[in-house]
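Beneath this line is the structure, given in structure tokens, with notes to follow.
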Amino acid sequence: MTREDLKETLEYVSGYSLYAYEDEVRQGFLSVQGGHRVGVTGKVILDGNQIRGMKYISCINVRLAHQILGCADIVMPYIQKEDWVAHTLIVSPPRCGKTTLLRDIIRQLSNGREKIPGLTVGVVDERSELAGCYQGVPQNDLGMRTDILDGCPKAEGMQMLIRSMSPAVVAVDELGKEEDFKAVESVIHCGCKLIATAHGNSLEDVLNQPFFYKLVQERVFERYILLGKSDRAGIVQGIFDGNGNLC
């Protein structure tokens, strides 16, 4: 692999408009059509303590997104009844299927299943991974009643959906920033249900973090879904109630 190979690959995946991805490159990745993510490393350009950009890119990691329709079948009875949806947090190490699981949960909540009617779902797709929108058109199936804010920061997006779209459920991938948790409080207080994911090797890893700890103490989440490492992604190790007991 030569530097020219890397340059050509980056130009190709960015549609020969790498400058249009400057904001994402600052975060170390590009999200491309179909919801695929291309991670990059190289020389970081700093402006004080802020990352301004990246140059001399030396490594590329391509993560291919794909949807698996029906992969949430095993968890849906635990998070949705006829007239009830649980505030749910999906906890998983990297590359264990949490985004794929969240994607199918959104689809099933939106479309409805069996005798359970569909709900309006608002999705903040900050990294364009859930819907994989291309020019505003979702490349993945998130359901017929789903409204998507593509490329929007989670905190601002949750507020925007609440104000303008009246969702019954708000879904976001990878909670982590302080401002995300302030927006979560707004979602809860407005009567919307929240479906979210977080990185962690165990429930303790996540729930002992300061911002999550507050939500745990207030018993915000009614279901925790733990995915684990195995010979394949998507293995559900446990489904827990708000008190941390196995369901």
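Restricting attention to the stretch 56-74, does a residue exist that is more than 27 Å from residue 234 (Cα to Cα) and open to solvent by 80 Å² or more (accessible area, probe 1.4 Å)? Checking the stretch 56-74: at least one residue is more than 27 Å from residue 234 (Cα to Cα) and open to solvent by 80 Å² or more (accessible area, probe 1.4 Å).
Does any residue of the stretch 51-65 turn out to be part of a loop (DSSP other than H, G, I, E, B), more than 24 Å from residue 171 (Cα to Cα) and of a type in the set (D, E, K, R)? Looking through the stretch 51-65, none of the residues is part of a loop (DSSP other than H, G, I, E, B), more than 24 Å from residue 171 (Cα to Cα) and of a type in the set (D, E, K, R). One residue alone among 179, 156 is over 25 Å from residue 33 (Cβ atoms), open to solvent by 10 Å² or more (accessible area, probe 1.4 Å) and not in a loop (DSSP other than H, G, I, E, B), and that residue is 179.
For residue 184, the stated conditions do not hold, so it cannot be described as modelled with pLDDT of 95 or more, crowded, with 21+ Cβ neighbours inside 10 Å and under 30 Å from residue 210 (Cα atoms).
Within the stretch 161-175, does at least one residue satisfy the condition of being part of a helix (DSSP H, G or I) and among the acidic types (Asp, Glu)? No, because not a single residue in the stretch 161-175 is part of a helix (DSSP H, G or I) and among the acidic types (Asp, Glu).
The values are calculated or read from the model by the stated rules, or taken from the named source; none is laboratory data. Note that the structure is a prediction, hence the values are computed from the model and not measured. In this analysis, Cβ positions are derived from the backbone assuming ideal geometry, glycine residues included, and neighbour counts consider all displayed protein chains. Protein only, heavy atoms only, side chains kept; ligands, DNA and RNA dropped before computing areas. Shrake-Rupley method; radii C 1.70, N 1.55, O 1.52, S 1.80 Å.
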